[in-house]
Amino acid sequence: MKGRKFLKVTGILMIIGGSIGIIGGIIAVIGVGALAAILETSSGGLMFASILTLIGAVIQFIAGIMGVKNSARPEKAQSCIVMGVLVALFSIAGNIISTVLGNSFSVMNLITGLALPVLYIIGAVLNKREA
């Protein structure tokens, strides 16, 4: 019971975060494209980061849906664990790209970006143990 609720709540939070991220990613891709057109220059690094953000948000959204949908099915917990790891990897990749593009490395950014995926993974592991 504990893992099921944990996975469902974190799944709902990931759906919300993924939805916001998708909107932000689309705006970022459009904005970078417009900026490159106005400045008549290439902004490959920014476009790559924007697309990475969009892909990460889509994966987070899908993981959230899977968590909510499969919260009552402990046999599906392994797929939720995999999706949680993917979301965490995209969070880490986003921090690395941000640092490469000139922002200072922020441990707080890394921690906050990993908090929800780690909680999601914990919920999936607890759910898997119930099987």
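Key figures
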| quantity | calculated |
| --- | --- |
| Share of carbon and sulfur in the accessible heavy-atom surface of the chain [1.4 Å probe, %] | 74 percent |
| Approximate shape of the chain as ellipsoid semi-axes (Cα gyration tensor, √5λ), whole Å, largest first | 32, 14, 10 |
| Å² of accessible area per residue within the chain, as computed with a 1.4 Å probe and no ligands counted | 57 Å² |
| Full-stretch length increase - Val82, Ile20 - with 0.36 nm per residue and alpha-carbon distance subtracted | 20.1 nm |
| 0 to 90° range, to nearest 10: angle between helix 107-129 axis and the chain longest Cα axis | 30 degrees |
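The values are calculated or read from the model by the stated rules, or taken from the named source; none is laboratory data. Please read these numbers as outputs of a predicted model, since none were measured by experiment. We work out accessible area using only protein heavy atoms, side chains counted, and drop any ligands, DNA or RNA first. Shrake-Rupley method; radii C 1.70, N 1.55, O 1.52, S 1.80 Å.
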